[in-house]
Amino acid sequence: MKKNKQTILIVDDLESNIDLLSEMLKTEWNIKVAMDGEKALQIANRQPYPDMILLDILMPEMDGYEVCKRLKANPVTKDIPVIFITALNKSHDQTYGLSLGAIDYITKPFNASITKARINNHLELRRLSLQYEKVFDGTSDSLVLVETDEKGLFHYLRGNKTHQEITGFNPEKLKGKTPTEIYGKEMGESLAAKYHQCLSENRSIYFEENIDTKDGERVLFTCITPIIVKGKNDCIVSSSTDITDLKKAEEEKLNLEKRLQQSHRLETIGTLAGGIAHDFNNILTPILGYAELALRSISQDTHIEEMLVEIKRSANRAKELVRQILSFNCRMENDMKLVSLQDIISSTMKFIRTSIPATINISVNLNESVGRIMADSSQINQVIVNICTNAYQAMTNEKGDILIELITFTPDEKFIEYHPSFENKEYALMKISDTGTGIPETIIDRIFEPFFTTKEVDKGTGLGLSVVHGIVKAHKGEICAESTPERGTIISVYFPVAKEVQSSSGNGIIGKNKMIKENSIIVVDDNKSVLKVISLILKKSGYKVKSFSCGKEAWSFARDNLVDFDLLISDLTMPRITGIELAKSIYDINPDFPVLILSGYGRDYSENPVGKYGIKKVLAKPIETETLIKAVKDLIRN
């Protein structure tokens, strides 16, 4: 038996007919025979399955019509082509047989050439049909065939296995249905319009479509192409690729780019804010200094004293504003200790409860197993107060709910890929949610920018959340916001959990006591107004002062005269040579010589310089007279 030969099953109750057909066909096909319907069904249902069945109609016990019905009802045999062999030549008999699923009739007496031609044609059609089925169902794309009826309505002919896997629509249930019956009125009418455009313009149409499936919404990229056959209804083949995962990846990429852009924007704003704060502090230093000197020089109970006190008070308010700007840029002094967030939240809640109307419900849910963090308690307190204040102010009619939660969170690889600023370590996650008006999507990316606010002019400065952002970043944490308009906002704050208790080494000051009557100080600052007022404050306090507006000149002088001085006071940021570089140069010739650094930024260094190069202390501008003199006395005395 040759492998390429196909098999034909001949079913007839007359042995003479079987012999005649077998002799006629055996040279081209393998022949199997059955002389009754029951035997025919057994052979057809057994591998190797026949490629075609020649079936006599008039047989005892079970006629050919009944055999055909059973063949077509069996999933194993329903696709085997059946040709009836009969002496009947009436059209209604043939029509009935074709309605049962037969593909053709061969009438007796047999014409060998015609019989072979018909068998060949149908077997070739079957081969092509099987190839088509293999391609149609084997493709990874969803394929759907659509046709129009006489009224111009579109109906689905069939869909392939991929279409069923994606949509969940059974091909049998799909057949004959309209787009509206399958997808609903809105989407069905939209698809019908596209099908009509495809046929009327005789071209392919490309579009994306969102469909609801049992596994959720899927996004398909679809191409519909016209297939126009003369004498038949116009047809369309719809090919769709599931791009849901691709769309999600694109969305994640866009969100990541958006986050990076926001991070860069905040960094740029922070740099600008730091520069402005530096200049403001240099301006405020002489204002505060001269106001304090003037208060010391005049008699009490005068109008001038009142005015000077008001100048000092206003300068201190400006100083606090600058401090908030610096906090956004993470340039603030921190008193970092190992602390319990549970304790900080609990103590802060007592204050918040008294400052927020009783009509607003505040709930706290703290997981006691969350580890401690390295933090400045007062600044964490400010974070909670600022966020809760914003939440309260978002409530309409002073009614709503605020929930504060604390849990442990460890990001997985996918989370870190989406949020690259996170590390694979344990975080204490504090979530503060409210039921306020929410934040529109168009502005939520800007809420951490300084001076950005949606409140009325007299209702807020726009610094609350920017200060929160700065504090969190200074604690090596992360902060995220998500919001739904009219439903509320969730602010998530992540602080790294401390793995070990970190003990800070004391910055012990090792100095040389000099028994001299008048202490001498070198003062260096490139801002002449600041230099002048600092020098004047020191002189008024009984110190001998040598001042320089250029760090290089100060170094040239100190190199030869350092033995005659007790302290160096230097600005941190100066052209040509910084305060730290100047301190290092002096340290190289006298490691015991004390240095006091003044900074207009509050903190503008990658590492705390205290304890290095003789630097004993760093003070932030603007400096109050008492603070400066106390620091000078302590450093010289030690």
- Message: Being under 22 Å from LYS499 (Cα atoms), in contact with a Pro (Cβ under 6 Å, 6 or more places away or on another chain), open to solvent by less than 50 Å² (accessible area, probe 1.4 Å) and of a type in the set (A, V, I, L, M, F, W, C) narrows it down to one residue among PHE409, PHE422; which is it?
- Response: PHE422
- Out of the range 49-71, which residues are closer than 18 Å to ILE8 by Cβ and either open to solvent by 10 Å² or more (accessible area, probe 1.4 Å) or of a type in the set (D, E, K, R) (or both)? TYR49, ASP51, ASP56, MET59
- Message: What are the pairs with Cβ atoms under 9 angstrom where one residue, in the range 570-586, is in contact (Cβ under 8 Å) with a residue 40 or more places away in the chain and the other, located anywhere, is assigned to a loop (DSSP other than H, G, I, E, B) and basic (Lys, Arg)? Sequence gap at least six, or different chains.
- Response: ASP571/LYS621
- From (1) of a type in the set (Lys, Arg); (2) surrounded by fewer than 17 Cβ atoms within 10 Å (Cβ to Cβ); (3) touching a helix residue (DSSP H, G or I) at 6+ places or on another chain (Cβ under 7 Å), pick out the condition that doesn't hold for ARG218. (2)
- Query: Which of the residues that make up the range 158-170 are within 37 Å of the chain's Cα centre (by Cα) and within 19 Å of VAL135 (Cα to Cα)?
  - Reply: GLY159, ASN160, LYS161, THR162, HIS163, GLN164, GLU165, ILE166, ASN170
- Message: Condition first: touching a residue at least 60 places away in the same chain (Cβ under 8 Å) and either farther than 20 Å from ASP12 by Cβ or within 59 Å of the chain's Cα centre (by Cα) (or both). Now tell me which residues in the range 92-108 satisfy that.
- Response: none
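Results for (1) crowded, with 21+ Cβ neighbours inside 10 Å; (2) under 20 Å from THR625 (Cα atoms); (3) among the charged types (D, E, K, R); (4) touching a Lys or Arg at 6+ places or on another chain (Cβ under 9 Å), shown as yes or no for each residue.
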residue	(1), (2), (3), (4)
SER520	no, yes, no, yes
ILE534	yes, yes, no, no
LEU538	yes, yes, no, yes
LYS546	no, yes, yes, no
SER549	no, no, no, yes
ARG559	no, no, yes, no
ASP571	yes, yes, yes, yes
ALA583	yes, no, no, yes
- Can you tell me which of GLN261, GLN324 is open to solvent by less than 60 Å² (accessible area, probe 1.4 Å), modelled with pLDDT under 65 and either of a type outside the set (D, E, K, R) or outside any helix (DSSP H, G or I) (or both)? GLN324
- Item | Within the range 343-384, tally of residues that are out of contact with any strand residue (DSSP E or B) (no Cβ under 8 Å at 6 or more places or on another chain), of a type in the set (S, T, N, Q) and open to solvent by 30 Å² or more (accessible area, probe 1.4 Å) | 7
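Which of the strands (runs of 3 or more DSSP E) contained wholly in the range 343-451 include at least 1 residues that are touching an Asp or Glu at 6+ places or on another chain (Cβ under 7 Å) and of a type in the set (Lys, Arg)?
427-434
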- Pick out, from the range 1-91, the helices (runs of 4 or more DSSP H) lying fully within it that include 2 or more residues that are touching a residue at least 40 places away in the same chain (Cβ under 8 Å). 15-25, 64-73
- What tally of residues in the range 110-142 results from selecting those that are under 16 Å from VAL11 (Cα atoms) and either modelled with pLDDT under 85 or of a type in the set (D, E, K, R) (or both)? 1
- Positions within the range 154-182 being open to solvent by less than 50 Å² (accessible area, probe 1.4 Å) and of a type in the set (Ser, Thr, Tyr), in sequence order: TYR156, THR162, THR167, THR178
- Message: Please determine whether any residue of the range 226-235 is acidic (Asp, Glu) and loosely packed, with under 15 Cβ neighbours inside 10 Å.
- Response: no
- Item | Residue within the range 376-385 that is free of Cβ contacts under 8 Å to residues at least 40 places away in the same chain and touching a helix residue (DSSP H, G or I) at 6+ places or on another chain (Cβ under 6 Å) present | yes
- Query: Of the residues ASN316, ASN329, which is modelled with pLDDT of 75 or more, within 26 Å of ASN381 (Cβ to Cβ) and not aliphatic (A, V, I, L, M)?
  - Reply: ASN316
- Message: Just checking, does the range 94-108 include any residue being open to solvent by 40 Å² or more (accessible area, probe 1.4 Å), in a strand (DSSP E or B) and not charged (D, E, K, R)?
- Response: yes
- Item | Only listed residue being in contact (Cβ under 8 Å) with a residue 40 or more places away in the chain and in a helix (DSSP H, G or I), chosen from LEU157, LEU128, LEU123, LEU143 | LEU123
- Task: Filter the range 131-140 down to residues that are surrounded by 12 or more Cβ atoms within 10 Å (Cβ to Cβ) and either of a type in the set (Val, Ile, Thr) or in contact (Cβ under 8 Å) with a residue 40 or more places away in the chain (or both), then give me how many there are.
- Result: 1
- Note on the structure: Among HIS196, HIS163, the single one that is in contact (Cβ under 8 Å) with a residue 60 or more places away in the chain and outside any strand (DSSP E or B) is HIS163
- Task: Please list, ordered by first then second residue, the pairs with beta carbon atoms under 6 Å, 6 or more apart or interchain, first in the range 413-439 and free of Cβ contacts under 8 Å to residues at least 24 places away in the same chain, second open to solvent by less than 50 Å² (accessible area, probe 1.4 Å) and of a type in the set (A, V, I, L, M, F, W, C).
- Result: ILE416/PHE422
- Task: Looking only at the range 109-119, count how many residues are surrounded by 12 or more Cβ atoms within 10 Å (Cβ to Cβ) and free of Cβ contacts under 8 Å to residues at least 60 places away in the same chain.
- Result: 2
- Name every residue in the range 562-586 that is of a type in the set (S, T, N, Q) and at pLDDT 90 or above, in order of residue number. SER570, SER585
- Query: Condition test on GLY477, is it under 19 Å from ASN281 (Cα atoms) and either modelled with pLDDT of 90 or more or buried (at least 16 other Cβ atoms within 10 Å of the Cβ) (or both)?
  - Reply: no
- Do the conditions hold for LYS185, that is, is it of a type outside the set (Val, Ile, Thr) and closer than 14 Å to HIS155 by Cα? no
- Would you mind stating whether SER492 is polar (S, T, N, Q), modelled with pLDDT of 90 or more, in a strand (DSSP E or B) and buried (at least 16 other Cβ atoms within 10 Å of the Cβ)? yes
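The values are calculated or read from the model by the stated rules, or taken from the named source; none is laboratory data. In this text, all values refer to a predicted model and were calculated from it rather than measured experimentally. Reconstructed Cβ throughout: ideal geometry from the backbone, glycine too, with neighbour counts over all protein chains shown. Protein only, heavy atoms only, side chains kept; ligands, DNA and RNA dropped before computing areas. Shrake-Rupley method; radii C 1.70, N 1.55, O 1.52, S 1.80 Å.
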